[in-house]
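Working notes for the structure below.
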Amino acid sequence: MAANAWTIEENEELKNAVQWYPAYLPNRFECIARCLGKSVVDVMKHYQDMVDDLLETRTSPIDFPYWMIYGIKPSWDKEEHEHFLNGLAKYGRGDWKHISRKSVMTRTPMQVASHAQKYFLRQDVEEKAKKRSSIHNITLIDHAANNVNTPQSDLEYSTLGQPPSDQ
């Protein structure tokens with residue numbers, strides 16, 4: 001992500017500030033910048049990017065396939081997942097809207113977020129599987145399943161420590 005990237009919270013603060021300060025206010029962006037603790041140039045550029053995104057989505061020439069309209073879509077294919085990973089690297093974790101609109105254009109932001117959630121859960125599970133197991137993780141069932149010969153218990157011996165005699 002870029003050094004001057006905006007967080008989701010900052011985006012929300014900008015949206016609220018834009019609604020709070022009217023467009024006819026001569027120093028509108030100066031007031032917004034002061035509230036957000038950003039430079040006027042950063043605020044104006046990010047505001048314009050948000051407006052451009054909005055206009056792009058409303059005038060998008062994308063012909064949506066039937067499955068996007070009716071909500072029936074098969075699993076993610078390899079190409080879509082690769083686009084997802086590229087978008088994740090470019091836009092960062094949590095920016096599902098941009099990943100959907102710029103990288104995986106066949107999926108909605110909600111679908112991208114759901115895919116990301118499953119992807120990160122799977123990464124966590126695989127990471128935990130790589131960790132060294134502890135002696136405390138071994139159970140009697142594991143022990144028996146591996147055909148490990150266990151020593152005879154003390155209960156099988158007489159009180160003198162001698163093996164029981166065959167009678």
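The values are calculated or read from the model by the stated rules, or taken from the named source; none is laboratory data. Computed from a predicted model, the values in this text were never measured in an experiment. Heads up, the Cβs are rebuilt from the backbone with ideal geometry, glycines too, and the neighbour counts pull from every protein chain shown.
Give the residue that is farthest from Asn11 (Cα to Cα), with candidates limited to residues of segment 99-119 that are in contact (Cβ under 8 Å) with a residue 24 or more places away in the chain, assigned to a helix (DSSP H, G or I) and in contact with a Lys or Arg (Cβ under 9 Å, 6 or more places away or on another chain). That would be His115. Mind listing whichever residues of segment 23-47 are under 13 Å from Glu13 (Cα atoms) and of a type in the set (Gly, Ala, Ser)? Within segment 23-47, Ala33, Gly37 qualify. Being within 29 Å of Glu12 (Cα to Cα), modelled with pLDDT of 85 or more, of a type in the set (Lys, Arg) and out of contact with any Ser or Thr (no Cβ under 9 Å at 6 or more places or on another chain): is that true of Arg122 here? Considered against the rule, which asks whether it is within 29 Å of Glu12 (Cα to Cα), modelled with pLDDT of 85 or more, of a type in the set (Lys, Arg) and out of contact with any Ser or Thr (no Cβ under 9 Å at 6 or more places or on another chain), Arg122 comes out as no.
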